[in-house]
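Asks: What follows is a single structure, and I will ask about it in a moment.
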Amino acid sequence: MEHGDSKVDLVHRNEAPASRILIVAVGICALIAIVSVIIAAVALSRPSTPNITVNGGTVSGGTTGASGGSSGASSARAAVSSTNGGRVWGIQVGHDFAIQEYINTTGYLAGFHLDLIDAVCTAAGANCYSIWDQYTNCWDSEVGQHSHGGQALLDSWYDACTGWAQNVGRIQVFGFSKPFVKNAAIYLHFKTGSTYNENDVTGKTIGFLDSWIPDEKCLEQTTVTGANAITVKHFATTDALNTAIQNGQVDAGFASGKSMKAFDKVLTKSTKIYSCSIQGLSMMTRKDSDFNAMWNRGFDKIVSNGKFKELCKKSSQTHGSEARGQFVDCVDT
């Protein structure tokens, strides 16, 4: 009888810790369940598309674009974002290219190129944003050297540079989209009222814009005598080049008429027109990028639905001025 009582007592002693273990296990499971619910709630509250901050504005889904030449706030978010949550494309835009790229009266980027980016990316259903950067980060040129790819585009700081004409040098480095603006005419620009010989520049000092197609190699391809016997100077902006022409630092500038449009009253263009391009203005990308496939798809859509012609026509009203020019010379479609 005593032996039987000891067995019962042993069973009760063993049941007590087992019960405590079960309670602890249930508590841990409950805690894990609560944490899971909290994590799920946080995830559901987050946006399904990425937020993109551009020029001080945040884009989160929907469409935001640069829609006005001097409207200010609308141009502050020169970007487009679709709701598909896909890849985000970065697109470089400059500020020193007549009606196509400029800074408006409120300090924001504006121009035909920004309107085109908005329309094409929207048509392609693509997430795009624009970013200002120096032209030399897309394509660079140095005195006495062949022009070469810019660091930013080569290193994929962004996916594409906007409005770059195609020439023999560039197509060996980068890929290009379908052109959307015709080649710009190139001239020798002289100070109005000065004495010059546009057919012979032997021994003269000629100014060029950094990274633009009309470089010294381009001049050497023309019929101008002495093009390989000049002193070369490069300038970062059109203002700087014009100033150098006016103060005699250079005898002439070699640049497109469109880029120097703002100085028509103080510069005289050569009677001869030159060109070093093989295709018009396009999007310029790394050759291993699939950006151009997306861009061409969207571009084809706005060409077929008439949006492209509408943008070209509207640009004179939206962005035109005496200094910037009154129209964009869009490709025929």
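Rule-based calculations on the coordinates, nothing more; no lab input. Please read all numbers here as calculations on a predicted model, not as lab measurements. Cβ sites come from the backbone with ideal geometry, for glycine too, and all protein chains shown count toward neighbours.
Asks: Past 22 Å, Cα to Cα: identify those pairs from 178/287; 178/233; 204/233; 191/314; 261/314, in the order given.
Replies: Values: 178/287 14 Å; 178/233 32 Å; 204/233 11 Å; 191/314 33 Å; 261/314 19 Å.
Over 22 Å apart, Cα to Cα: 178/233; 191/314.
Asks: Any chance you could run the full-extension gain for residue 246 through residue 155? It's 0.36 nm times the residue separation minus the Cα-Cα distance, nm to one decimal.
Replies: 29.0 nm
Asks: How much length is gained if the chain between residue 333 and residue 185 is pulled fully straight, taking 0.36 nm per residue apart and subtracting their Cα-Cα distance, in nm to one decimal?
Replies: On the way: separation 148, 0.36 × 148 = 53.28 nm, distance 2.02 nm.
Full extension of this stretch gives 51.3 nm more.
Asks: Quick one: length gained pulling residue 296 to residue 264 fully straight, 0.36 nm per residue minus the C-alpha distance?
Replies: Length gained between residue 296 and residue 264: 8.0 nm.
Asks: Can you compute the modelled spin-label distance between residue 132 and residue 87, with each label point 7 Å from Cα toward Cβ, in nm?
Replies: 2.8
Asks: Explain nothing, just the number: dipole magnitude of segment 167-256 about its Cα centre with +1 on each Lys and Arg Cβ and -1 on each Asp and Glu Cβ, in debye rounded to the nearest 20.
Replies: 280
Asks: Taking each pair of different alpha-carbon atoms in segment 162-211 once, compute 1/r for the pair, average those values, and report the inverse of that mean as the Kirkwood hydrodynamic radius in Å to one decimal.
Replies: So the Kirkwood estimate lands at 14.3 Å.
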